[in-house]
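The values are calculated or read from the model by the stated rules, or taken from the named source; none is laboratory data. What you are looking at is a predicted structure, and each value in this text was computed from that prediction instead of being measured. Reconstructed Cβ throughout: ideal geometry from the backbone, glycine too, with neighbour counts over all protein chains shown.
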Amino acid sequence: MEVFDRKKHWENIYQTKQLNEVSWYQPKPQTSINIIEQFNLPKTANIIDIGGGDSFLIDYLLNNGYQNIAVLDIAETAIEKAKKRLGTKATKATWLVTDITDFKPTEKYDFWHDRAAFHFLTNETDIATYVQLVSENIQPNGIMTIATFSEKGPLKCSGIFIKQYSEETLTKTFEKDFDKIQCFTIDHQTPFNTTQNFLFGSFRKL
């Protein structure tokens with residue numbers, strides 16, 4: 001049985017599809033923006049966007065004066081697309097090409113954002129690795145926001161299975177080192193006129 005090559009899969013997605021041809025495309029990531037504004041993060045906050053790829057969240061952060069931003073993605077193609085779009089502004093961010101389960105941070109973060117990356121981790125070893133990673137690399141009182149498909153959302157995305165979460169299961173996954181601040185569900189309209197129900201959870205590091 002062939003072992004699934006996660007990096008190869010995502011490089012192929014970004015090499016063969018345009019920005020608005022993927023289901024997670026958002027011309028403006030309003031929900032994530034609302035959350036960042038809700039927490040009134042200082043412009044010097046150390047922010048990382050997990051699975052940020054060529055999302056437009058980095059555009060919002062740079063345009064609003066945030067100074068310490070990192071974008072992590074497994075697909076170098078996605079990162080290069082974002083850099084090209086941003087032009088000279090791209091030099092103001094840190095770009096990290098790695099599988100999240102192989103990530104070795106060299107600093108701690110004040111705000112950890114993950115929209116639709118975590119739910120692609122479906123085996124317990126990878127999930128445990130992620131939980132340990134965020135527990136060790138978010139500042140005390142730092143914020144983690146994670147968005148996954150809810151139990152009313154799809155079972156697959158981009159041809160591969162994901163792990164759905166409820167407010168209870170997402171909270172329980174991180175409860176050892178994080179307090180829940182809020183959880184809510186929201187419908188995302190894809191470019192293909194379909195609806196994906198997302199669960200957004202925000203947590204504070206103990």
Inset, instruction - Pick out the one residue from 135, 150 that is touching a strand residue (DSSP E or B) at 6+ places or on another chain (Cβ under 6 Å) and over 17 Å from residue 74 (Cα atoms). - result: 150
Legend entry - Only one of 149, 198, 192, 203 that is exposed (fewer than 13 other Cβ atoms within 10 Å of the Cβ) and either part of a strand (DSSP E or B) or on the phi < 0 side of the Ramachandran plot (or both): 192
Legend entry - Condition met for residue 58 (crowded, with 21+ Cβ neighbours inside 10 Å and either within 23 Å of residue 149 (Cα to Cα) or touching an Asp or Glu at 6+ places or on another chain (Cβ under 7 Å) (or both)): yes
Legend entry - Contacts under 7 angstrom Cβ, first residue in the stretch 136-150 being touching a residue at least 12 places away in the same chain (Cβ under 8 Å) and closer than 16 Å to residue 173 by Cβ, partner β-branched (Val, Ile, Thr) and assigned to a strand (DSSP E or B), 6 or more apart: 144/138; 150/185
Legend entry - Count of the stretch 68-105 residues which are closer than 15 Å to residue 51 by Cβ and in a helix (DSSP H, G or I): 9
Inset, instruction - Among what's in the stretch 1-46 and is among the acidic types (Asp, Glu) and either more than 27 Å from residue 102 (Cα to Cα) or under 18 Å from the mean Cα position of the chain (by Cα) (or both), pick the residue that is modelled with the lowest pLDDT. - result: 21
Legend entry - the stretch 123-137, residues that are under 15 Å from the mean Cα position of the chain (by Cα) and closer than 19 Å to residue 70 by Cβ: 130, 133, 134
